[in-house]
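Input: a single structure, listed below in structure tokens.
Values quoted throughout were computed directly from the atomic coordinates according to the rules given, and no laboratory measurement underlies them. Note that the structure is predicted; figures quoted are calculated from it, not measured. Cβ: placed from backbone, ideal geometry, glycine included. Neighbour counts: every protein chain shown.
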Amino acid sequence: MPTYKLTYFNSKGRAELARLLFAAGGVMYEDVRVEGEQWQQLKPNTPMGQLPVLEVDGTMICQSKAIARLIAKDIGMAGKTPLEEAQADMICDSLEEFGEKMRLCFVQKDENKKEEIKREFEEKTLPVALDRFEKLASAEGYFAGNSLTWADVNFFTLFGFIDILMPGDHLKGYVNLNKVMGNVSSNPGIAKWLKERPESQF
Ligand SMILES: N[C@@H](CCC(=O)N[C@@H](CS)C(=O)NCC(=O)O)C(=O)O
């Protein structure tokens with residue numbers, strides 16, 4: 001295994017998927033959390049001026065999905081065949097688009113507009129997306145093949161944010177998606193990380 005150093009801010013954000021995957025694979029890595037001035041100094045030396053960045057034996061990789069996919073490949077959670085890999089990628093790309101819609105609710109500065117966008121998301125966008133993801137998950141609770149992939153972990157991570165941002169029983173009745181959530185949270189490495197990880201809301 002190469003040496004890994006993951007740099008992000010002191011939050012879950014776009015780095016938590018990578019952290020959960022490291023935990024699932026039992027992979028040792030340096031979990032570096034920067035802030036303020038430290039980030040401003042580091043920024044020009046990162047590939048795209050953004051975090052997260054994963055250093056793999058000193059080589060810097062950015063873009064949270066590229067990072068997560070690399071870790072998934074290293075730990076055997078990218079899919080067992082090219083088709084499973086494509087299915088996992090499909091879910092992760094769809095989750096990315098869905099996540100962008102979710103973010104729109106929170107970048108809005110105008111409080112009235114914000115509430116309107118949030119309501120629209122919660123009442124329309126979210127149930128439509130959940131219906132689709134439910135059909136794409138197997139009865140055993142996997143998005144690709146018959147074992148845990150980074151797509152399952154990605155869904156779990158994103159849904160964790162939704163749960164905080166708009167608490168509610170959004171997964172009620174989604175049998176397959178509840179299984180996905182259970183498969184991820186009961187993975188021994190992930191269960192341990194969820195208990196031990198540093199406190200942060202997002
Ligand atoms: N598409 C990129 C987006 C990265 C991104 O937006 N990073 C933000 C934090 S979530 C960042 O670095 N912000 C600080 C800055 O731009 O100076 C990814 O998925 O990694």
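Between the alpha-carbon centres of region 170-194 and region 73-132 there is a gap of 17 Å. In a reduced charge model with +1 at each Lys and Arg Cβ and -1 at each Asp and Glu Cβ, the chain shows a dipole moment near 100 debye about its Cα centre.
Taken about its Cα centre, region 82-186 carries a charge dipole of about 260 debye when Lys and Arg each add +1 at the Cβ and Asp and Glu each add -1 at the Cβ.
Short to long, the 5 Å bins of the Cα pair-distance histogram for region 82-186 hold 2, 13, 23, 25, 17, 10, 6, 3, 1, 0 percent of all pairs. Taking F156, F121, F22 as the candidate residues, the one with maximal mean-square fluctuation in a Gaussian network model of the chain, Cα springs under 10 Å, is F121.
Placing +1 on the Cβ of every Lys and Arg and -1 on the Cβ of every Asp and Glu, with nothing else charged, gives region 150-202 a dipole about its Cα centre of roughly 140 debye. Annotation: lysines with alpha-carbon distance below 18 angstrom to K179 (same-chain offsets under eight excluded): K135. Of all the options G141, G189, G58, the one that moves most in a Gaussian network model of the chain with Cα springs shorter than 10 angstrom is G58. Multiplying each eigenvalue of the alpha-carbon gyration tensor of the chain by 5 and taking the square root yields semi-axes of 26, 23, 15 Å, largest first, rounded to whole angstroms. Anything over 31 Å Cα to Cα? Flag those among K73/K114; K113/K195; K65/K109, in the order listed. The pairs that break the limit, which is 31 Å between Cα atoms, are K73/K114; K113/K195.
Hey, in the GNM for the chain with a 10 angstrom Cα cutoff, which one of I91, I67, I164 fluctuates hardest? In the Gaussian network model the winner is I164. Extension gain for E140-E100 works out to 11.6 nm (0.36 nm per residue, less the C-alpha to C-alpha distance). Between F202 and M1, the FRET efficiency from the beta-carbon distance, with R0 = 35 Å, is close to 0.75. In region 82-186, a dipole from Cβ-located charges (positive for Lys and Arg, negative for Asp and Glu) runs towards its positive end, and of F98, G182, L126 it is L126 whose Cα lies farthest in that direction. Helices in the chain, meaning DSSP H runs of at least 4 residues, each add -39500 (n - 2.57). Divided by all residues, the mean residue ellipticity at 222 nm is -17000 deg cm²/dmol.
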